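Read the structure below first, then the notes.
The values are calculated or read from the model by the stated rules, or taken from the named source; none is laboratory data. Values in this document were obtained by computation on a predicted structure and should not be read as measured data. Cβ: placed from backbone, ideal geometry, glycine included. Neighbour counts: every protein chain shown.
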Amino acid sequence: MSFEHLGLAPFLLRALAEQGYENPTPIQQQAIPLALAGHDLLAGAQTGTGKTAAFGLPLLQHLGTKPQAVNGPRRPRALVLAPTRELATQVHDSLRGYSKYLRIPSAVIYGGVGMGNQLDALRRGVDLVIACPGRLIDHIERRSVDLSGIEILVLDEADRMLDMGFLPSIKRILAKLPKQNRQTLLFSATFPESIKQLAMEFMRHPREVQVTPQNTVAETIAHRVHPVDAGRKRELLLHLLGQDTRVQTLVFAKTKHGSDKLATFLEKSGIHAAAIHGNKSQGQRLRALGDFKAGKVKVLVATDIAARGIDIDQLPRVINYDLPMVAEDYVHRIGRTGRNGASGEALSLVSQDDAKLLRQIVRLLDRDMEIRDLPGFEPQVPIRWGNSAPGKAEVPGGQRPPRRHARRPHGDAPRHAHAGPKKSGGGQPQREGGKAAANPGRRQQPHGRGPRRSHTGHHAPA
């Protein structure tokens with residue numbers, strides 16, 4: 001299927017063709033026709049699936065083909081809410097590219113910078129506003145923005161906005177929007193109960209689309225776990241990065257301070273690195289991201305929230321220096337590699353303190369992970385992974401092997417962290433009380449999977 005079959009206007013098709021976009025991604029195939037038809041939309045899509053174009057192209061077509069009713073000064077007609085400054089900026093840049101042959105004045109609104117330029121843009125009048133909730137509330141309180149003319153509302157990465165505590169701000173913003181004749185498009189990687197409740201409150205009979213099951217990852221990503229003592233993680237990271245300093249790598253750390261310390265350590269060790277987190281100024285974050293995309297910086301160290309909006313094509317490797325505290329964040333982290341059929345690596349440095357977090361991730365993904373000791377970095381005391389049988393207490397020392405599977409013969413493959421058996425009926429893996437573990441004492445092959453292959457997919461818009 002091509003973009004011509006989705007009902008897009010010629011001015012959008014021309015801009016897409018000039019940018020080299022040929023075929024829509026699955027989320028674009030499903031979402032664009034429904035959005036063009038005027039339906040409210042509840043869309044399950046993770047970063048890297050092409051969701052920006054999925055909501056952006058119908059939004060631009062609406063603005064470009066339906067003139068604004070002339071009623072006093074120009075008011076914004078479309079509003080996109082995004083959780084971070086980076087994501088808001090990237091959405092704004094993408095929509096400017098798609099609207100190359102339209103005249104759609106726009107403004108991007110976020111905190112951490114002065115309000116002067118934003119106030120000037122809003123005074124001149126814009127059709128489209130892309131905003132972070134906190135700064136938009138500031139403008140609402142200053143009465144520098146009038147949202148009473150909004151015809152389309154988009155909530156991008158709604159789950160992350162709620163995780164960041166923006167629910168009260170979102171509800172305040174919704175109260176300022178017209179309730180009638182407004183189309184709402186909500187995009188979220190996951191749909192916790194809070195998202196469903198929010199949708200029930202402010203959406204009208206939304207259509208639902210889901211391009212991938214929740215908490216799944218690309219099959220082209222190779223997952224590897226490297227056991228290591230906590231005190232030697234920096235040495236192991238340097239070893240991995242030093243094997244090929246040309247490979248661009250996104251490294252995840254738990255804290256802002258830890259990100260800075262890690263980036264400084266890598267720089268002193270001769271590896272061009274930069275850190276990106278919430279305490280950096282907007283200019284610092286954009287400069288670090290720009291240098292990383294341009295290849296001037298080979299390693300970008302990031303916290304989870306700061307990295308949410310990072311969108312880089314063909315990123316070959318993600319390293320979890322610290323495992324995420326919430327298992328679902330592992331999916332968001334590694335979703336930045338292995339895009340559009342390309343191969344990628346997701347490496348995790350795991351100490352004894354991380355074993356429980358690893359079990360939660362393995363259970364969530366319902367897949368095995370290869371565990372590989374690296375010579376010279378083996379933990380002084382073998383990591384106690386626990387017992388893989390769900391609902392049973394762990395055996396001290398982790399000596400009990402995971403439950404055997406008849407279709408998994410023993411061999412010489414590296415050992416694996418096991419997802420454990422599924423629920424009857426093949427549903428989602430158990431979570432309450434469920435445990436998954438690796439067994440250092442046995443070498444087992446993965447669940448009948450063949451070698452991973454790299455596939456080259458069509459170039460699709462973000």
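Take the residues in segment 74-108 that are within 16 Å of the chain's Cα centre (by Cα) and among the hydroxyl-bearing types (Ser, Thr, Tyr), then tell me which one is nearest to Pro58 (Cα to Cα).
Thr89
Filter segment 276-295 for residues that are buried (at least 19 other Cβ atoms within 10 Å of the Cβ) and under 19 Å from Val113 (Cα atoms); which is modelled with the lowest pLDDT?
Residues of segment 276-295 that are buried (at least 19 other Cβ atoms within 10 Å of the Cβ), as a first pass: 276-277, 280, 285, 288-289, 292.
Imposing the further condition that a residue be under 19 Å from Val113 (Cα atoms) reduces the set to 276-277, 280, 285, 288-289.
Values: Ile276: 88, His277: 82, Lys280: 78, Arg285: 81, Ala288: 88, Leu289: 84.
Selected residue: Lys280.
Could you please tell me which pairs satisfy a Cβ distance under 7 Å, a separation of 6+ or placement on different chains, a first residue in segment 189-210 that is outside the structural domain of Gly335 (by TED's automatic domain parsing), and a second residue that is assigned to a strand (DSSP E or B) and among the hydroxyl-bearing types (Ser, Thr, Tyr)?
Ile195/Ser188; Phe202/Thr184; Met203/Thr184
Within segment 98-115, can one find any residue that is out of contact with any Pro (no Cβ under 9 Å at 6 or more places or on another chain) and assigned to a helix (DSSP H, G or I)?
no
Can you tell which of Gly134, Gly165 is without any contact (Cβ under 8 Å) to a residue 60 or more places away in the chain and at positive phi?
Every option except Gly165 fails the conditions.
Just to be sure I understand, how many residues within segment 116-137 are exposed (fewer than 15 other Cβ atoms within 10 Å of the Cβ) and either not in a helix (DSSP H, G or I) or not acidic (Asp, Glu) (or both)?
Final tally of qualifying residues: 5.
Among the residues of segment 138-148, count how many are in a helix (DSSP H, G or I), more than 12 Å from Ala175 (Cα to Cα) and either in contact (Cβ under 8 Å) with a residue 40 or more places away in the chain or not basic (Lys, Arg) (or both).
To start, the set of residues in segment 138-148 that are in a helix (DSSP H, G or I) comprises 138-142.
Still in the list and also more than 12 Å from Ala175 (Cα to Cα): 138-139, 141-142.
Then drop every residue that is not either in contact (Cβ under 8 Å) with a residue 40 or more places away in the chain or not basic (Lys, Arg) (or both), which leaves 138-139, 141.
Selection size over segment 138-148: 3.
If I filter segment 156-204 down to residues being of a type in the set (Ser, Thr, Tyr) and assigned to a helix (DSSP H, G or I), which single residue comes out as surrounded by the most Cβ atoms within 10 Å (Cβ to Cβ)? Break it down stepwise before answering.
Filtering segment 156-204 down to residues of a type in the set (Ser, Thr, Tyr) leaves 169, 184, 188, 190, 194.
Pick out the ones that are also assigned to a helix (DSSP H, G or I) and you get 169, 194.
On the way: Ser169: 19, Ser194: 13.
Selected residue: Ser169.
What is the residue count in segment 328-383 for residues that are surrounded by 21 or more Cβ atoms within 10 Å (Cβ to Cβ), among the β-branched types (Val, Ile, Thr) and part of a loop (DSSP other than H, G, I, E, B)?
Total satisfying the criteria: 2.
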